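The structure appears below as structure tokens.
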Amino acid sequence: MRCFSSFVGIMRYEFRMQIRRIAVWIVPVLLIAFQFGLNRMWLPDSMGRFLYKSSFDERVAFDSALLHISALLASNANLFLPLGVGILMADRLLRDRNAMMEELVQALSVPVGVRILGKYLGNLGATLLPVLLCYGIGVAYLCWLVRDILAVFYGVLCFAVIMLPGMLFVSAFSLAGPAFFGTNLYRFLFICYWFWGNLLRPGYGVPTISRTILTPVGMVIANGFFGVTIIADSGLMVVSPFEGLESLLALVGTALVVLGILWGYVSWQQRRC
């Protein structure tokens, strides 16, 4: 019970500290503006033309098309927003050391695992809140466009299935990575990784893990579950729902493994002191 109270207290503290940062609110807006500049955004052309050109004589056809568009919305939102989440999470673990409070934190009778998990979930929740608001604007626009509240349900579903696994994945690495590489170097490596490992199409002569089940941008999940291809002419093979499930479980499972490695590393560091 005491560990649970400590966990809740740490999570609430980390959430308040992160949500007050101006960058947490500015970065998602800048990334969406950048995506608009690349003409990769979902509003209003890609969805509007599809909806206005379609004739929904049957409810089933309408629901199917609405789910497809909701998945397209979440997939496009997931192209760059996780990049901002990873960047913003990168300095959270080392903040105590930079503020010269590391010894004080270690002296508290709180297990390392509880502290890491509370820090992870608290900062992740605060960082995702502006992302959810930005994504919610797109969902609200789609709901207004089709005049159907089902768009909200599909928006939540697609966020949970397509976007959330990748967010958990990059957040775990961004919490743990700076402990090994330092904040600035990790951010540089993470930005390079995002474009190389997520957006670089295979076939350009450069080896890449893009289009694999460990792609946090969610291409395999979106294609497997909803038949959505995020980037036109991306060369993505049609994958099965089972492969989409594999990608979802691989991303979440890898995030848990990374947090476990971080727990072991921090525990080892404390034993050395």
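The values are calculated or read from the model by the stated rules, or taken from the named source; none is laboratory data. This structure is a prediction, so every number in the text was calculated from the model and none was measured. Cβ sites come from the backbone with ideal geometry, for glycine too, and all protein chains shown count toward neighbours. These accessible areas exclude ligands, DNA and RNA; they are computed on the full protein's heavy atoms, side chains included. Shrake-Rupley method; radii C 1.70, N 1.55, O 1.52, S 1.80 Å.
Taking the square root of 5 times each eigenvalue of the Cα gyration tensor, what semi-axes in Å does the equivalent ellipsoid of the range 154-226 have, largest first?
Working: eigenvalues 108, 67, 11 Å².
Value: 23, 18, 8 Å, ordered largest first.
Separation between the Trp268 and Ser240 pseudo-spin-labels, each 7 Å from Cα along Cα→Cβ, expressed in nm?
Distance between the two pseudo-spin positions: 3.9 nm.
How much FRET efficiency would the formula 1/(1 + (r/R0)^6) give for Ser109 and Leu132, where r is the Cβ-Cβ distance and R0 is 30 Å, rounded to 0.05?
Details: r = 35 Å, r/R0 = 1.15.
Once rounded, the FRET efficiency stands at 0.30.
Could you give the length gained on full extension between Phe195 and Val8, defined as 0.36 nm per residue of separation minus the Cα-Cα distance, in nm?
Working: separation 187, 0.36 × 187 = 67.32 nm, distance 3.55 nm.
Gain on extension, Phe195 to Val8, equals 63.8 nm.
Stokes-Einstein at 37 °C, 0.692 mPa s, Kirkwood radius from Cα pairs: D for the range 124-273 in µm² s⁻¹? Please list the in-between numbers first.
Details: Rh = 17.1 Å.
Result for D is 192 µm²/s.
Could you tell me what percent of the accessible area of the range 120-190 is made up of carbon and sulfur, with a 1.4 Å probe and every protein chain present? Intermediate values should be presented prior to the final figure.
Working: 2210 of 2740 Å².
Summing carbon and sulfur atoms, their accessible area is 81 percent of the total for the range 120-190.
If you take the beta carbon distance between Ile26 and Leu150 as r and set R0 to 25 Å, what does 1/(1 + (r/R0)^6) give as a FRET efficiency, to the nearest 0.05?
The value I calculate is 0.15.
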